[in-house]
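A quick write-up on the structure given underneath.
The values are calculated or read from the model by the stated rules, or taken from the named source; none is laboratory data. Worth saying up front: this structure is predicted, and the values here are computed from it rather than measured. Every residue, glycine among them, receives a Cβ derived from its backbone with ideal geometry; neighbour counts consider all protein chains shown.
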Amino acid sequence: MAVRITDLCISCDVCLGECPTSSIVNAKDNPTDNNYYYVDPATCSECIGDADSPLCQAACPISDCIVWDLAFDQANKEHFESNQLYVLDEDLQYNQPSHSEISMNDRKSGNIECIIK
């Protein structure tokens, strides 16, 4: 995983077309029943191989709407499984790529500006 959409989302649809892995769903399809868009942590690739930084965040017109999250890997499995921000399928592989240059502090704080150029 890597990014998460917060409740600052205005449902403008800009991010939907930017995601190369189709990991973003609109508020109507948000499995958490929150009234804003959702990024599926099991499929988000942080745009690795497609761009230098998350395309959804670069396109988003709202500051701090799309933020870093922890890497979707075995080390952070409990974070995703015990958090109401996510709805996950059974038997997931916790092995999504992540930008290793983003510190754990930046991920925990949601500081996406640390990589956006």
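The table that follows gives values for the structure above.
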quantity	calculated
Scan of the stretch 1-25 for residues that are in contact with a Leu (Cβ under 9 Å, 6 or more places away or on another chain) and among the hydrophobic types (A, V, I, L, M, F, W, C), ordered by number	Met1, Ala2, Cys15, Cys19, Ile24, Val25
Some residue of the stretch 5-21 being farther than 20 Å from Asn83 by Cα, at pLDDT below 90, surrounded by 14 or more Cβ atoms within 10 Å (Cβ to Cβ) and among the β-branched types (Val, Ile, Thr)	no
Neighbours by Cβ (under 7 Å, 6+ apart or cross-chain): first from the stretch 28-40, farther than 17 Å from Pro54 by Cβ and in contact (Cβ under 8 Å) with a residue 24 or more places away in the chain; second among the hydrophobic types (A, V, I, L, M, F, W, C) and in a loop (DSSP other than H, G, I, E, B)	Pro31/Val87; Thr32/Leu85; Thr32/Val87
Those helices (runs of 4 or more DSSP H) lying entirely in the stretch 29-117 with at least 1 residues more than 19 Å from Cys19 (Cα to Cα) and at pLDDT below 85	77-81, 104-109
Residue in the stretch 28-37 that is buried (at least 22 other Cβ atoms within 10 Å of the Cβ) and not basic (Lys, Arg) present	yes
Residue match in the stretch 45-62 (condition: under 10 Å from the mean Cα position of the chain (by Cα) and either basic (Lys, Arg) or within 15 Å of Leu88 (Cα to Cα) (or both))	no
